[in-house]
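*Asks:* Here it is: the structure, laid out below.
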Amino acid sequence: METILSSKEIKTICKELADKLYDKFKSSKTIPVFICVLKGANPFFIDLTRAYKGPLIYDYMQLSSYSGTSTTGVIHLSKDLTENIKGKDVVIVEDVVDTGLTLSYVKEYIKIKYMPKSITVVCLIDKKALRRVDFEPDYSGFVIRENKFLMGYGLDYKEIGRNFDFVFVPDKKTVEEWEEMLKNNK
């Protein structure tokens, strides 16, 4: 197993990004709405928002474009927003930006449907090797240029591994063991 980000590194990233976001929104007349892209971004979202020094509002969206270890390129929206974000500053919180397709879609969808004042995208990991569209997050905690399958801290393999407090590349043996466990779990 190769560790990409330790728990300590993640905490440092969350604080640094939260400070940057606070500096950006501290003089705003509205309370920013932080939107968690479920399920993967949830741990990052919680730690990032806890480190944020000002008031904020939570909301959640659920999208998916992965199957197993690779992206399908097809985006499925299964949970939409519940907050009224019209005219408000919005922060989309994502775990990983890889192809850019999901975040590009989400940003445009929110812009057209909800008409917020501003949209800021923040991600824990910017995985540039797989970028298919011209999309860059406004803030990213860590850049990885290789195409590695990442797990932990919200990132999963068939829903397994989200609970680890660090980000890693699983070895083949671990994935095989988890596949066997999944078969036995049916």
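*Asks:* Hey, can you grab everything whose amide H is under 5 Å from the amide H of residue 92? Only 5+ residues off in sequence or another chain; H modelled, so Pro and N-termini drop out.
*Replies:* So residue 92 has HN proximity to 35, 120, 121, 122.
*Asks:* What angle do you read, to the nearest 10 degrees and between 0 and 90, between the alpha-carbon axis of helix 101-114 and the longest principal axis of the chain?
*Replies:* That works out to roughly 30 degrees.
*Asks:* Still on this model: When you count, for each residue, the other Cβ atoms within 10 Å and take the mean per peptide, how do 100-107, 38-45, 162-169 rank with the highest first?
*Replies:* Numbers: 100-107: 19.8, 38-45: 21.9, 162-169: 17.4.
Ranked by mean Cβ neighbours within 10 Å, highest first: 38-45, 100-107, 162-169.
*Asks:* If you don't mind, another one. Hey, what angle do you get for helix 42-51 against the long axis of the chain, alpha-carbon based, 0 to 90 degrees rounded to 10?
*Replies:* Value to nearest ten degrees: 40.
*Asks:* Any chance you could tell me what percent of the C-alpha pair distances in region 43-151 go past 24 Å? Walk me through the intermediate numbers first.
*Replies:* Numbers: 1338 of 5886 pairs.
When all Cα pairs of region 43-151 are counted, 23 percent exceed 24 Å.
*Asks:* Give me the three principal axis extents of the chain from the C-alpha atoms, as integers in angstrom, largest value leading.
*Replies:* Projected onto its principal axes, the Cα set of the chain covers 53, 34, 31 Å.
*Asks:* Convex hull volume of the Cα atoms in region 89-186, per residue, in Å³?
*Replies:* On the way: hull volume 12.1 nm³, N = 98.
Dividing the Cα hull volume of region 89-186 by its residue count gives 124 Å³.
*Asks:* Averaging sequence separations of C-alpha pairs under 8 Å and six or more residues apart, then dividing by the length of region 1-114, give the relative contact order as a whole percent. Display every interim value, and only then the final one.
*Replies:* Details: 141 pairs, mean separation 32.3, N = 114.
Reported relative contact order: 28 percent.
*Asks:* Further question: Answer with one residue from 57, 114, 99: the one whose Cα lies farthest towards the positive end of the charge dipole of region 51-147, charges on Cβ with Lys, Arg +1 and Asp, Glu -1.
*Replies:* Positive-most Cα among the choices belongs to 114.
*Asks:* Also, quick follow-up: Dipole magnitude of the chain about its Cα centre, charges +1 at Lys/Arg Cβ and -1 at Asp/Glu Cβ only, in debye to the nearest 20? Spell out each step's value before the answer.
*Replies:* Numbers: 29 positive and 27 negative charges, 117 e Å.
Approximately 560 debye in magnitude.
*Asks:* Per-residue ellipticity at 222 nm for the chain, helices alone: DSSP H runs ≥ 4 residues times -39500 (n - 2.57), over residue total, nearest 500 deg cm²/dmol? Kindly include the intermediate steps, with their values, before the conclusion.
*Replies:* On the way: 4 runs with 56 residues, N = 186.
Per the formula, -9500 deg cm²/dmol.
Rule-based calculations on the coordinates, nothing more; no lab input. No experiment lies behind these values; they were computed from the predicted model shown. Positions of Cβ are backbone-derived with ideal geometry, glycine not excepted, and every protein chain shown enters the neighbour counts.
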